[in-house]
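Participant: Below you will find the structure I want to go over with you.
The values are calculated or read from the model by the stated rules, or taken from the named source; none is laboratory data. Nothing here was measured: the structure is a model prediction, and the numbers come from that model. Heads up, the Cβs are rebuilt from the backbone with ideal geometry, glycines too, and the neighbour counts pull from every protein chain shown. Note: accessible area is taken over every heavy atom of the protein model, side chains too, but ligands, DNA and RNA are not part of it. Shrake-Rupley method; radii C 1.70, N 1.55, O 1.52, S 1.80 Å.
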Amino acid sequence: MESEPEQAERLYNEGRYPEVIKLAGAIDEKLGRYSVEEKWAIRIIQCQLTMGDYEAANESLDASLIRFKNSIRLRSLGSEVRRFNGDEDSATALLSEIETLASRNSWRYKDPANQLALGRYFLGRNADAKEVLDLFYYPVRKRYPSNPEVYRAIADLAFSKQDYALAAENYSEVLKLLPADVDAMVGLGKSFLPSDSEKVSEMVNRVLAINPANVEILLLLADQQISAENYGKAIETLKKIEEVNPKLPRAWAYRAVIAHLQNLPQQEGEFRDRAFAGWVGNPEVDHLIGRELSEKYRFTEGETYQRRSLVYDENFLPAKIQLAHDLLRLGQELEGWKLADEVFDEDQYSVVAYNLVTLRDEIAKFKTLERDGFIVRMGVDEAEIYGERVLQLLVRAKADLCSKYGSDLETPVFVEIFPRQQDFAIRTFGLPGGSGFLGVCFGRVITMNSPAAQGVNLTSWESVLWHEFCHVVTLQKTKNKMPRWLSEGISVYEEKLADPAWGETMVPVFREMVLSESLTPVSELSGAFLRPPSPVHLQFAYYESSLVVEYLIQDFGLDKLKGVLQELAIGTPINDALRRHCAPMDFIDKSFAKFALEKAEAFAPTANWDEVKPLAGATAADWRQWNQEHPNNLAGLNQEARLAIEEERWESARDTLVKILEICPELKSTYPLLAQCHRKLKAPADELMMLEKYAAMEANSVELFTRLLEIYSAEAEWGKVKSTARKLLALNPLLPSPYRFLAVAAEQTQDDKATVESLAALAKMDPLDAADVHYRLASALFRQQQFAKAKDEVVRSLERAPRYRAAYDLLLKIVDAQAVVSPPVKSGSEPVEIDPVETEKESP
């Protein structure tokens, strides 16, 4: 049978707070007026705070402090009660009394509950977290390993310092000891937010099954709904919280966020005032509003709110570290790094602060390149190899996209390219992770992974940089006030225009998602980017967004879309902006769904898309028979072709692959297989034709471009060698092979500029034939009359190969040429600079 204390804890977990207060009062009364156990008095006050009954909590506190006059646990909780009753002086006094009591009568507070309370007190005073762990929490854990509260205290500390792995580990320990503890479930769910959406959903569902009105989970859901731009649902969720606690500051802060995003400044002010109704100086209110605005890329507004928070409490570290992030994302680096240093100095356990300070030291080692309003930072080696290509692409993108969208950029635009994925993640998110991201744009700042950080599955860095710079254009044009789907949609759309091999296109899985009603309405499309069920769903969100932009431009025109962007800049909500310049959102939802459906139906319209069941032990011949009975079935034809390749039946595989392309010429994966068949059948012209068709559709295959370079070089097609080598460099500029091919092609076509470009990069890679590379580079520089640089290179060649006769001959030529350009100066006279062109004219 359930005891009264067990019943009270169950009711608490279920959110039945009035019943808990009644039962806890009864339990406390049975314990008697001389009891020293303040647990139930504390539980009563906690319930009153949760319901927003601050006056009752204050009365309960007064009564409890008379009974438990030496309680530091009551004083710790009481400081919060006093603040919510507008009594900051009393709150401060209660906290001061804790240290006085603990120092005078330390023997009284050696039990686990009081040791944990003291640890929390010192953390509130910004004490060193490691010392709190070592002096308070770990000793309690050692002596009382079955006490769930010590694991909760460690978890709360770790979570506050962004050490989510340690937090999750300790919340899990609480649940082992208290399987129905809702607070631990909430903490565990939040700990998985940066890393595991499935476990977050699991914890959310477990909590809601016990307490459908749990305030912390409802706040989490509201946060996610705001992230998905589903403001109506978020308001409904927040109203559920009002039924539990009509005064909860965080709930009203979220309402202020929604009002800000909907451009309702009067409501925003009213909701913010309500958030401060009890505790006027609560720094969490403005911090939360600012943090949420920054998550929507509204960094300038977010910065303003963090500064307001710090006015109330200049030592409120969450606001200070968030302000550091905001400033770094706005390109205000001096103050941003300074604040990160300050936070780390004050709290060396802060994972985010530690990561930022460490990263700052790494970025300081980068090389900085500048041109036309861009400041690019890269690793020194990478900058020397392909930094010039980065600048050229940015300048071209700026010329194309700024004029197209009528955007005047706020400069400089910062671009940071990280050779380590972890550094990219820390600069971008503050924590390691984010492995699915190749680049991120904040408005004036772009961060991205270099090819060295991408691993084996490479994506063209040029396509990534073009995509992110397009974000610079549209985010700045809208003052960062555009929905996620529109921002991503325009960037992917512009990728495809810049190079048809970039961006997302219709593929069989996307076709199936459109036809199976997985298409997200435009009005809900931003939510598709938030915790998608799989990587394919995330890819589809990008593709669908670009398809919406294509639809808007096709049906309403680019000028109308630009009008929408201008409206967003002045704060007009997206639905109103679309209604004014295109059509109402209801119409767009329906019209776009029809547009997408037509696209999907037009994709391989003669194909049989029926699913195929595996044929156990089947051969290519078995599948050929099956395909004769099921004509145009792409899955069956693919099975037949792949088995024929495995069996090395090249003619049969070729014929099947040709049939597949007749049905679906957009199926990219078929082209390299068909090229392989032609190669095996010694049909070089057909192989080349397939590879060239594949190259027109694919930007991310090293094998494809390498094979084309081999073929073009053998045929002395030097123009095609150059263009293909550049495509390979757009994918991975850290490979030596494309520079070798490009150098030969440039030399064969007397293109000294390209020769210098390719050989200079190759020389930085410490090639095995370094002497020859430096010699050829010196020769090209000599032909360009860059005699000083040519001399440096030929000397490097001779350092590698001291008996290199051709290099000696070239060195003599360079010395002679330098003597003509700058003849020896007589003693006592000033050197005379002679224009090399004039010298050449006079030299006979």
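Participant: Do we find that Leu565 is in a helix (DSSP H, G or I), open to solvent by less than 40 Å² (accessible area, probe 1.4 Å) and of a type in the set (A, V, I, L, M, F, W, C) in this structure?
Facilitator: yes
Participant: Please enumerate the residues belonging to the range 19-31 that are open to solvent by 100 Å² or more (accessible area, probe 1.4 Å) and modelled with pLDDT of 90 or more.
Facilitator: Lys22
Participant: For Phe705, all conditions in the list (1) more than 28 Å from Met378 (Cα to Cα); (2) within 31 Å of the chain's Cα centre (by Cα); (3) of a type in the set (Phe, Trp, Tyr) hold save one; what is the number of the exception?
Facilitator: (1)
Participant: OK, next. How many residues are open to solvent by less than 50 Å² (accessible area, probe 1.4 Å) and free of Cβ contacts under 8 Å to residues at least 60 places away in the same chain if we restrict to the range 717-734?
Facilitator: 5
Participant: Here's another thing I want to ask about it. When only residues in the range 670-702 that are under 32 Å from the mean Cα position of the chain (by Cα) and assigned to a helix (DSSP H, G or I) count, which is nearest to Ser460 (Cα to Cα)?
Facilitator: Going through the qualifying residues, I end up with Val702.
Participant: List every residue pair whose Cβ atoms lie under 6 Å apart, where the two residues are 6 or more positions apart in sequence or sit on different chains, the first residue falls within the range 42-69 and is within 14 Å of Phe84 (Cβ to Cβ), and the second residue, located anywhere, is surrounded by fewer than 20 Cβ atoms within 10 Å (Cβ to Cβ) and of a type in the set (Ser, Thr, Tyr).
Facilitator: Correct list of pairs: empty, since none qualify.
Participant: Please work out which residue is surrounded by the fewest Cβ atoms within 10 Å (Cβ to Cβ), limiting yourself to the range 446-484 and to residues that are assigned to a helix (DSSP H, G or I) and within 15 Å of the chain's Cα centre (by Cα).
Facilitator: Only one residue fits best here, namely Ala453.
Participant: Follow-up. Identify the residue in the range 47-95 that is among the small types (Gly, Ala, Ser) and within 43 Å of the chain's Cα centre (by Cα) and, among all such residues, is farthest from Ala277 (Cα to Cα).
Facilitator: Across the range 47-95, the extreme among qualifying residues is Ser76.
Participant: May I ask you to list the residues in the range 600-621 that are within 30 Å of Trp650 (Cβ to Cβ) and in a helix (DSSP H, G or I)?
Facilitator: Result: Ala620, Ala621.
Participant: Please specify each residue of the range 572-599 satisfying the condition of being assigned to a loop (DSSP other than H, G, I, E, B) and either among the acidic types (Asp, Glu) or surrounded by fewer than 16 Cβ atoms within 10 Å (Cβ to Cβ) (or both).
Facilitator: Pro584
Participant: While we're here: Among the residues of the range 217-225, is any open to solvent by 40 Å² or more (accessible area, probe 1.4 Å), of a type in the set (Asp, Glu) and either in a helix (DSSP H, G or I) or touching a Gly at 6+ places or on another chain (Cβ under 9 Å) (or both)?
Facilitator: no
Participant: Pick from Asp766, Asp752: which is open to solvent by 20 Å² or more (accessible area, probe 1.4 Å), among the acidic types (Asp, Glu) and over 26 Å from Ile417 (Cα atoms)?
Facilitator: Residue meeting the stated conditions: Asp752.
Participant: Filtering the range 495-513 down to residues that are of a type outside the set (A, V, I, L, M, F, W, C) and part of a helix (DSSP H, G or I), which residue is surrounded by the fewest Cβ atoms within 10 Å (Cβ to Cβ)?
Facilitator: Top of the filtered list is Glu512.
Participant: Does the range 287-296 contain at least one residue that is open to solvent by less than 20 Å² (accessible area, probe 1.4 Å), under 30 Å from Leu208 (Cα atoms) and outside any helix (DSSP H, G or I)?
Facilitator: For the range 287-296, residues open to solvent by less than 20 Å² (accessible area, probe 1.4 Å), under 30 Å from Leu208 (Cα atoms) and outside any helix (DSSP H, G or I): absent.
Participant: Taking the range 344-357 as the search range and keeping residues that are touching a residue at least 60 places away in the same chain (Cβ under 8 Å) and of a type in the set (Ser, Thr, Tyr), which one is least open to solvent (accessible area, probe 1.4 Å)?
Facilitator: That would be Ser350.
Participant: Taking into account only those residues within the range 622-638 that are assigned to a loop (DSSP other than H, G, I, E, B) and more than 19 Å from Ser669 (Cα to Cα), which is least open to solvent (accessible area, probe 1.4 Å)?
Facilitator: Among those residues, the one meeting the criterion is His630.
Participant: Here's a check for you: in the range 131-168, which residue that is farther than 14 Å from Ser350 by Cβ and of a type in the set (S, T, N, Q) is surrounded by the fewest Cβ atoms within 10 Å (Cβ to Cβ)?
Facilitator: Here the answer is Ser146.
Participant: Could you give me the residue pairs with C-beta distances under 6 Å whose first residue belongs to the range 265-278 and is more than 15 Å from Glu242 (Cβ to Cβ), whose second residue is among the basic types (Lys, Arg) and surrounded by fewer than 19 Cβ atoms within 10 Å (Cβ to Cβ) wherever it lies, and which are 6+ apart or on separate chains?
Facilitator: That search, which allows pairs on different chains as well, returns nothing.
Participant: Given the options Ala277, Ala209, name the one that is modelled with pLDDT under 95 and surrounded by fewer than 23 Cβ atoms within 10 Å (Cβ to Cβ).
Facilitator: Result of the check over Ala277, Ala209: Ala277.
Participant: Moving on. So, in the range 376-390, of the ones that are surrounded by 18 or more Cβ atoms within 10 Å (Cβ to Cβ) and among the hydrophobic types (A, V, I, L, M, F, W, C), which residue ends up farthest from Met448 (Cα to Cα)?
Facilitator: Looking at residues that are surrounded by 18 or more Cβ atoms within 10 Å (Cβ to Cβ) and among the hydrophobic types (A, V, I, L, M, F, W, C), I get Ile385.
Participant: State all residues of the range 238-274 that are open to solvent by 80 Å² or more (accessible area, probe 1.4 Å), in a helix (DSSP H, G or I) and farther than 30 Å from Glu567 by Cβ; if no residue qualifies, say none.
Facilitator: Scanning the range 238-274 gives Lys240, Glu243.
Participant: Looking at (1) among the charged types (D, E, K, R); (2) open to solvent by 20 Å² or more (accessible area, probe 1.4 Å); (3) under 14 Å from Arg427 (Cα atoms); (4) in contact with a helix residue (DSSP H, G or I) (Cβ under 6 Å, 6 or more places away or on another chain), which is the only condition Glu333 fails?
Facilitator: Status for Glu333: all satisfied but (4).
Participant: Does the range 518-529 include one or more residues that are open to solvent by 50 Å² or more (accessible area, probe 1.4 Å), assigned to a helix (DSSP H, G or I) and either touching a Leu at 6+ places or on another chain (Cβ under 7 Å) or closer than 30 Å to Arg726 by Cβ (or both)?
Facilitator: The answer is no; no qualifying residue exists.
Participant: If you don't mind, another one. Would you please list the contacts, defined by Cβ atoms under 9 Å and residues six or more apart or on different chains, that run from a residue in the range 659-672 that is closer than 16 Å to Glu698 by Cα and at pLDDT 95 or above to a residue that is of a type in the set (Asp, Glu) and open to solvent by 60 Å² or more (accessible area, probe 1.4 Å)?
Facilitator: Listed by first residue and then by second, the contacts come to Pro672/Glu703.
Participant: Test each condition in (1) open to solvent by 10 Å² or more (accessible area, probe 1.4 Å); (2) at negative phi for Arg427 and report the one that comes out false.
Facilitator: The single condition Arg427 does not satisfy is (1).
Participant: Return the residues of the range 169-186 that are buried (at least 22 other Cβ atoms within 10 Å of the Cβ) and more than 18 Å from Asn214 (Cα to Cα); say none if nothing qualifies.
Facilitator: Within the range 169-186, Asn170, Val174 meet the criteria.
Participant: Tell me, please, whether a residue that is in a loop (DSSP other than H, G, I, E, B), at pLDDT 90 or above and either farther than 30 Å from Lys753 by Cβ or among the aliphatic types (A, V, I, L, M) (or both) can be found in the range 359-379.
Facilitator: There is at least one residue in the range 359-379 that is in a loop (DSSP other than H, G, I, E, B), at pLDDT 90 or above and either farther than 30 Å from Lys753 by Cβ or among the aliphatic types (A, V, I, L, M) (or both).
Participant: Name every residue in the range 367-400 that is without any contact (Cβ under 8 Å) to a residue 60 or more places away in the chain and touching a helix residue (DSSP H, G or I) at 6+ places or on another chain (Cβ under 7 Å), in order of residue number.
Facilitator: If the condition is that a residue be without any contact (Cβ under 8 Å) to a residue 60 or more places away in the chain and touching a helix residue (DSSP H, G or I) at 6+ places or on another chain (Cβ under 7 Å), then Lys367, Leu369, Arg371, Asp372, Phe374, Val376, Arg377 are the ones that fit.
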